[in-house]
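To start, the structure under review is shown below, and the notes come after it.
The values are calculated or read from the model by the stated rules, or taken from the named source; none is laboratory data. For clarity, every value in this text was computed on a predicted model and none was experimentally measured. Don't worry about glycine lacking a Cβ; one is built from the backbone with ideal geometry, like all the others, and counts go over all protein chains shown.
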Amino acid sequence: MTTGTSESIRVLSNGWAIDTTAPVDLKSSKDNEYHPVFKAFLAGSFSGTFSTILFQPLDLVKTRLQNPSQNVLAATVGGRIQPGMITIFTNIVRQEHIVGLWRGMVPSIARCVPGVGLYFSSLHWLKAKIGKSRNQDLSALEAVALGVVARTMSGVALIPITVIKTRYESGVYKYNSLSGALRAIYKTEGIRGLSCGLGPTLARDAPFSGLYLMFYTQTKQAVPKEWLQSAGAGSLIHFSCGVMAGILASLATHPADVLKTKMQLYPDKFPNTFSAAVYVHQTYGFRGYFKGAVPRMLRRTLMAAMAWTVFEEITRSIGLK
C-alpha cells in the first residue's frame, strides 16, 4: 500500500477529518449556551426570590415603624407615639391576621427579584469591563465603586415599583393591584409620582451595596481559600461574611431609608429630601433618622447574606466560578 493510500485511510479513520471542521466539544458548547451576564441575572433572580418571600414581614414592620400614625396601638412618650417592633408586629397580626405580614408581597417580588438579578448581572458585566476575571478578587475601592454603579442601575430602572411597594406596606394607600397602582399614581401624580424618593432611594441603596460589597469581599479575602471551597463550610462562611457586611452597611445608610419612606408616602408634604429631613429632625430628633433600623437591619442583613450565599452556590454549579 502506498504512502498516499495509507494517509487517506488514516484521515478517513478519524471520522471528523473528512469534513475540514474540528470536532464539536459538547461540554464547551453547553457551557457557552447562555451569556455569562444572563446566567448571573438568572442566578441573582433565583436567590432574590427566596430571601424576598422569607423576610417580607420585617420590611413591612420597618415601613409601619417609620409611619406610626396609622392605627398603631403604642405607648406615648412626651406626647409622641413611640411604637416598638413587637407592638407593630402584634398590631398587624391582630388587625390583618398572619397573612397581613406579607402585605405588599407582589410589588416586593416585582421589585426585588428582577432587582437582585439586575444587580448581580450588572456586577458581573462591570467586573468584566474593568478586566477582572471571574475568580479575581476586587480591591476595597473597586468593590465600593462597582457596588454603587450596579445598584444605581437597578435602582433607577425599578423606582416605580419601589414607590408602589412602600405604599402597599404603609397601610395608607388601598391599591387593588400592581397595574392598578401604576395607573392610579400616573393619573394623579404623573411621572414625578412614579419616581418620588429616587434621590433618597439611591442614597440608601447605592452606598449600601458599595459598602456591603466592600465588607463582604474583604471579609472573604481574609478567609483561607480552601475553607471557601469546602462543601460543608463554604455556605456557612459566605453567610457569615454576608451577615457582618449587612450589619455595617445597614447602619450607615438607614437615615436615607427614613427620608425615602416619608417622600414616597406623602409626596405633596415632602417634595424634596431637605423638607423630609427637617420634619424628621423637628418631630423625632436625631433618633428619628434611625426609626425602623432594627427590622431593616435584620431584613437587609439576612436577605443580602442569603442572596449572596445562594448566588455563590448557583454560580459555582453553572460554571460562572
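Below, the figures for the structure above:
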| read-out | value |
| --- | --- |
| In the range 162-177, the residues that are surrounded by fewer than 18 Cβ atoms within 10 Å (Cβ to Cβ) and either aliphatic (A, V, I, L, M) or modelled with pLDDT of 90 or more (or both) | 172 |
| Odd one out for residue 52 among (1) at pLDDT below 75; (2) under 29 Å from the mean Cα position of the chain (by Cα) | (1) |
| Wholly within the range 206-321, helices (runs of 4 or more DSSP H) carrying at least 3 residues that are β-branched (Val, Ile, Thr) and either closer than 30 Å to residue 35 by Cβ or at pLDDT 80 or above (or both) | 234-265, 273-284, 293-317 |
| Qualifying residue in the range 142-152 (condition: of a type in the set (Gly, Ala, Ser), at pLDDT below 90 and touching a Pro at 6+ places or on another chain (Cβ under 9 Å)) | yes |
| Per-region count, the range 212-256, residues closer than 23 Å to residue 288 by Cα and among the aliphatic types (A, V, I, L, M) | 6 |
| Filtered residues of the range 106-140 (kept if of a type in the set (A, V, I, L, M), surrounded by fewer than 21 Cβ atoms within 10 Å (Cβ to Cβ) and within 25 Å of residue 316 (Cα to Cα)) | 109, 113, 126, 128, 130, 140 |
| Residue count, the range 292-321 (criterion: surrounded by fewer than 18 Cβ atoms within 10 Å (Cβ to Cβ) and either under 19 Å from residue 250 (Cβ atoms) or among the aromatic types (Phe, Trp, Tyr) (or both)) | 1 |
| Unmet criterion (only one of (1) basic (Lys, Arg); (2) closer than 22 Å to residue 267 by Cβ; (3) part of a helix (DSSP H, G or I)) for residue 151 | (2) |
| Residue in the range 262-287 that is nearest to residue 167 (Cα to Cα), counting only those that are within 25 Å of the chain's Cα centre (by Cα) and of a type in the set (S, T, N, Q) | 264 |
| Selected residue (only one of 187, 220, 225 is of a type in the set (D, E, K, R) and either under 21 Å from residue 302 (Cα atoms) or surrounded by 15 or more Cβ atoms within 10 Å (Cβ to Cβ) (or both)) | 220 |
| Which listed residue, of 304, 277, 233, 222, is under 23 Å from residue 205 (Cβ atoms), without any contact (Cβ under 8 Å) to a residue 40 or more places away in the chain and not charged (D, E, K, R) | 277 |
